[in-house]
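What follows is a short report on a single structure.
No lab work stands behind these numbers, since they all come straight from the coordinates. As the structure is a prediction and not an experimental result, all values here were calculated from the model. Using ideal geometry, Cβ is built from the backbone for each residue, glycine included, and neighbour counts are taken over all protein chains shown.
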Amino acid sequence: MITKLVNLSIKENKETIRPVFPFTAIVGQEEMKLALILNVIDPKIGGVMIMGDRGTGKSTTIRAIADLLPKIEIIQDDLFNSHPSDVDLMSDENKQAIQDGVSVITSYIKVPMVDLPLGATEDRVCGTIDIEKALTEGVKTFEPGLLAKANRGILYVDEVNLLDDHLVDILLDSAASGWNTVEREGISVRHPARFVLVGSGNPEEGELRPQLLDRFGMHAEIRTVKDPELRVQIVEQRTNFDQDPQQCVESYKDNQVTLKQKIAEAQLLLSQITIDYDLRIKISQVCGELDVDGLRGDIVTNRAAKAYASFNGRQTVNSSDISKVITLCLRHRLRKDPLETMDSGDKVRKIFTKVFLNEEI
């Protein structure tokens, strides 16, 4: 009994003494921060791939955005964080129980933030079915994996470019469909798996295959800050946080609350956002002139522009909204020419200026 109390005390202390670096305290890296904010406003954008130098705050920023989000309502003790009313975010068992008139108890939890380790196996990611129990007792027993824990949250894969392509494919399929299906020996189990997929990596260690990279909604590129004053500011903020985390968190409390409220309002406003036909035509014209394969670029740019407009409290998308997001949505979808000297982001901006502003650069 004493051991249990000690363990409980240690667990509670860990939860109270581990504050997360405030999102609003992060200096610079505006492109990465914007991509993360837009994805939590509209998870259907399809996640974000963040590529950049080592030590540029990728992991810190991703954990900070998760800590910023409001709590979500779930069916209590559910393994998949099922939504109490949205059937697309609810396990089949709970859906059936509600249809049968069974009342459910709900509770609120923090938005799940799940880290996927590089050495994870497919069973660890997708979950496993106990075949022996199913055959001998006729009971379908499922051990949930990381995809189940990440439902309605954020799934973060550091060094995603080093992850096995097969696992990346599974993650992208689940993120796109919102469901994970596990089949073993003729037994099938499925559960909701709608999450924001965030991958990060260092381009020096290799790129993802183009067909996998294309399936990430956005691609943010970050670089080491060169300005000496800005570097000093970043170092000082990190030092202050390490010396007194609670004080650092408290000093940014108002900024955090303001941004949290802004994101919540944007999520509610999103369904009301409209984008004129002329602007949609121009988005597709940019994609066509850039020779972007498929239609993912068109779809994601439309979604991201709507999310950006809602974040700024407007119900109609304008060309300025599109200019803010189009590079994030298209730069990783361009065909790479080994002899091309122009940066892919510059190429997107050049064509955008030509199509939207009728200016030649």
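Within the span defined as the stretch 304-314, one or more residues are within 17 Å of residue 217 (Cα to Cα), touching a Cys at 6+ places or on another chain (Cβ under 7 Å) and surrounded by 12 or more Cβ atoms within 10 Å (Cβ to Cβ). When the criteria are applied in full, residue 58 fails the requirement of being more than 16 Å from the chain's Cα centre (by Cα) and of a type in the set (Lys, Arg). Just so you know, in the stretch 175-203 the residues that are touching a helix residue (DSSP H, G or I) at 6+ places or on another chain (Cβ under 9 Å) and assigned to a loop (DSSP other than H, G, I, E, B) include one that is farthest from residue 145 (Cα to Cα), and it is 202. Applying the criterion of being assigned to a helix (DSSP H, G or I) and over 21 Å from the mean Cα position of the chain (by Cα) to the residues of the stretch 284-296, the residue that is surrounded by the most Cβ atoms within 10 Å (Cβ to Cβ) is 287. Out of curiosity, is residue 349 touching a Gly at 6+ places or on another chain (Cβ under 8 Å) and of a type outside the set (A, V, I, L, M)? So residue 349 does not fit the description; no. So in the stretch 239-253, with the set limited to residues that are under 24 Å from the mean Cα position of the chain (by Cα) and of a type outside the set (Phe, Trp, Tyr), which one is surrounded by the fewest Cβ atoms within 10 Å (Cβ to Cβ)? Out of the qualifying residues, it is 253.
Looking at 256, 272, 233, just one residue is free of Cβ contacts under 8 Å to residues at least 60 places away in the same chain and either surrounded by fewer than 17 Cβ atoms within 10 Å (Cβ to Cβ) or of a type outside the set (A, V, I, L, M, F, W, C) (or both), and that residue is 272. Screening the candidates 299, 281 for the property of being out of contact with any helix residue (DSSP H, G or I) (no Cβ under 8 Å at 6 or more places or on another chain), crowded, with 16+ Cβ neighbours inside 10 Å, free of Cβ contacts under 8 Å to residues at least 12 places away in the same chain and not in a loop (DSSP other than H, G, I, E, B) yields one hit, 299. Only a single criterion out of (1) under 18 Å from residue 56 (Cα atoms); (2) within 25 Å of the chain's Cα centre (by Cα); (3) among the β-branched types (Val, Ile, Thr) is not satisfied by residue 232, namely (2). Residue 54 meets all of the listed conditions (1) out of contact with any helix residue (DSSP H, G or I) (no Cβ under 6 Å at 6 or more places or on another chain); (2) more than 16 Å from residue 110 (Cβ to Cβ); (3) in a helix (DSSP H, G or I); (4) not small (Gly, Ala, Ser) but one, namely (3). Residue-level check: of (1) more than 14 Å from residue 43 (Cβ to Cβ); (2) buried (at least 22 other Cβ atoms within 10 Å of the Cβ), residue 150 misses just (1).
Residues that are among the small types (Gly, Ala, Ser) and surrounded by 12 or more Cβ atoms within 10 Å (Cβ to Cβ) were ranked within the stretch 95-130; the one that is nearest to residue 144 (Cα to Cα) is 127.
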